[in-house]
1. Restricting the search to region 271-288, which residues are of a type outside the set (Ser, Thr, Tyr) and more than 16 Å from residue 127 (Cα to Cα)?
2. Can you work out which of the residues in region 110-144 that are in contact with a Phe, Trp or Tyr (Cβ under 6 Å, 6 or more places away or on another chain) and under 25 Å from residue 243 (Cβ atoms) is nearest to the ligand (Cβ to nearest atom)?
3. Just to be sure before I move on: is residue 330 surrounded by 23 or more Cβ atoms within 10 Å (Cβ to Cβ), touching a helix residue (DSSP H, G or I) at 6+ places or on another chain (Cβ under 8 Å) and either at pLDDT below 90 or aliphatic (A, V, I, L, M) (or both) in the structure I sent?
4. Inside region 276-288, can you point out the residues that are more than 14 Å from the ligand (Cβ to nearest atom) and touching a Phe, Trp or Tyr at 6+ places or on another chain (Cβ under 8 Å)?
5. Does residue 347 satisfy the criteria of being touching a Leu at 6+ places or on another chain (Cβ under 9 Å) and away from the ligand (no atom under 16 Å from the Cβ)?
6. What are the pairs, 6+ residues apart or on separate chains, where a residue within region 104-121 that is within 28 Å of residue 29 (Cβ to Cβ) and outside any strand (DSSP E or B) has its Cβ under 6 Å from a residue that is at pLDDT 95 or above and near the ligand (Cβ under 9 Å from one of its atoms)?
7. For region 214-258, enumerate the residues that are hydrophobic (A, V, I, L, M, F, W, C), within 16 Å of the ligand (Cβ to nearest atom) and in contact with a helix residue (DSSP H, G or I) (Cβ under 7 Å, 6 or more places away or on another chain).
8. Which residues, counting only those in region 134-164, are on the phi < 0 side of the Ramachandran plot, out of contact with any strand residue (DSSP E or B) (no Cβ under 6 Å at 6 or more places or on another chain) and either assigned to a helix (DSSP H, G or I) or among the small types (Gly, Ala, Ser) (or both)?
Amino acid sequence: MKFSAVKGMHDVVPAEASMWEWIEREARALFATYGFEEIRTPVLEKTALFVRGVGATSAIVEKEMYTFVDQGGEELTLRPEGTAPVVRAYVEQGLYQDDQASKLFYIGPMFRHERPQKGRFRQFSQIGVELLGAAHPLADAEVIAMAVRLVARLGIDDTRLEVNSLGCENCRPNYQAALGALIAQVASQLCDDCHRRIEKNPQRIFDCKNTTCQQALADAPIMQDYWCEPCHEHFSQVCAGLEAMDVPYYCNHRIVRGLDYYQRTAFEIVTNHLGAQSALCGGGRYDGLVKELGGPDSPGVGFALGLERLVMLLEEAQRRPVSRIPRVYVAALGQAAREQMLPVMQQLRQQGVRVEWDYEDRSLKSQMRRADRCGAQWVVIAGDQEIAAGTVAVRNMTDKSQHDIALGQLVTKVSELISLAKETA
Ligand code: AMP
């Protein structure tokens, strides 16, 4: 019997894992400069958290959650997104008691039972950021700038930042009424999915990819015309902040976020290189969510970036992380040499050197081929006769020079060679 991975879920094999590790490292380094710290929450949460926090009318809660009842009769869900769990932790752990805003980030897997396609999986990973306790529009601008800078830092270009404001509870109802009036006129041209959206959250009809629906909605009113004064002011300050930080953006007044709790700022980073799944990153402001989840009336703003989509773009651009770990291959020939080299290899590894060797005792020729393939910068050649004479040969794989070194000097000499190579690199 042969097993395969669950549909929509995938293995990250070593060649790709180095890319993941690099992206995560770059994200951590960048977030640290803005004072963001990591939070790790469980992958399982009570189902009610998402019903409440993501919204009962959202596509995620309606049909995409991996939900089950555990042995204790508790209804649990594999997290489909990271914001509700982080807000739950923020409230439960009393992080809001700090008089500073909480600057949090997370990296981890999310689960949604969607129809898998290019760039869309059922288990996928997100790098997410949540800034809790800051209502100022410049907080939005800074969070957006972080997302843009992460994408740029990874060398991904040809992306576009699109921003919008979804209004607030004061102005959105007027907009929804106007939108409702238009929908009533074009209802017969809309698809079944749109009709379902209309019942629950009419703004979601802009998510529809059906061209007939899009044409029917071409003259739909836009939220911008209905913003109240404070929403206007908030949006212009977000834009001014982005301009001050030299972050180019486009206003796209059709952006609607997939989750119910967004208000005011909503943004996406999109690319033309991912087919239908054009969104690389999505985020916005969600004032009201913390209160909704039993906490104080703290505002929040954040984003989530899809790791798989980042990896796909980097692979397309043939960008590979460069390992800075020095590599040494030990070609030990014969039993005595292998035994002598074992502690030496341990010492080299303690110095942070990656040491590879052959478990099978193959010929020198075959071991040299392997050394080449694994990208070793130096090869230590240790035959039984050399070992008996107390020496080994160290071969520089770049210029092919070779020197004999006394066994007792080996670790020091190799460390010296590595530092020298680092200095001249
Ligand atoms: P969302 O939480 O839906 O706002 O998504 C934020 C980001 O997560 C998106 O821009 C994607 O990069 C990524 N993402 C969302 N859903 C999926 C999925 N099913 N498969 C892969 N990546 C996803």
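The values are calculated or read from the model by the stated rules, or taken from the named source; none is laboratory data. The structure displayed is predicted, hence computed values, not measured ones. Glycine also receives a Cβ, built like all others from the backbone with ideal geometry; neighbour counts cover every protein chain displayed.
1. Answer for region 271-288, where residues must be of a type outside the set (Ser, Thr, Tyr) and more than 16 Å from residue 127 (Cα to Cα): 272, 273, 274, 275, 276, 277, 285, 287, 288.
2. So the residue we want is 129.
3. yes
4. The one that is more than 14 Å from the ligand (Cβ to nearest atom) and touching a Phe, Trp or Tyr at 6+ places or on another chain (Cβ under 8 Å): 288.
5. Spelling it out, residue 347 is indeed touching a Leu at 6+ places or on another chain (Cβ under 9 Å) and away from the ligand (no atom under 16 Å from the Cβ).
6. Matching pairs, first to second residue: 119/309; 121/8.
7. Quick first cut of region 214-258, residues hydrophobic (A, V, I, L, M, F, W, C) only: 216-218, 220, 222-223, 227-228, 231, 235, 238-240, 242, 244-245, 247, 251, 255-256.
Checking the rest, the ones that are also within 16 Å of the ligand (Cβ to nearest atom) come to 255-256.
Once the filter is applied, which keeps residues that are hydrophobic (A, V, I, L, M, F, W, C), within 16 Å of the ligand (Cβ to nearest atom) and in contact with a helix residue (DSSP H, G or I) (Cβ under 7 Å, 6 or more places away or on another chain), region 214-258 yields only 256.
8. Matches in region 134-164: 134, 135, 137, 138, 141, 142, 145, 146, 149, 150, 152, 153.
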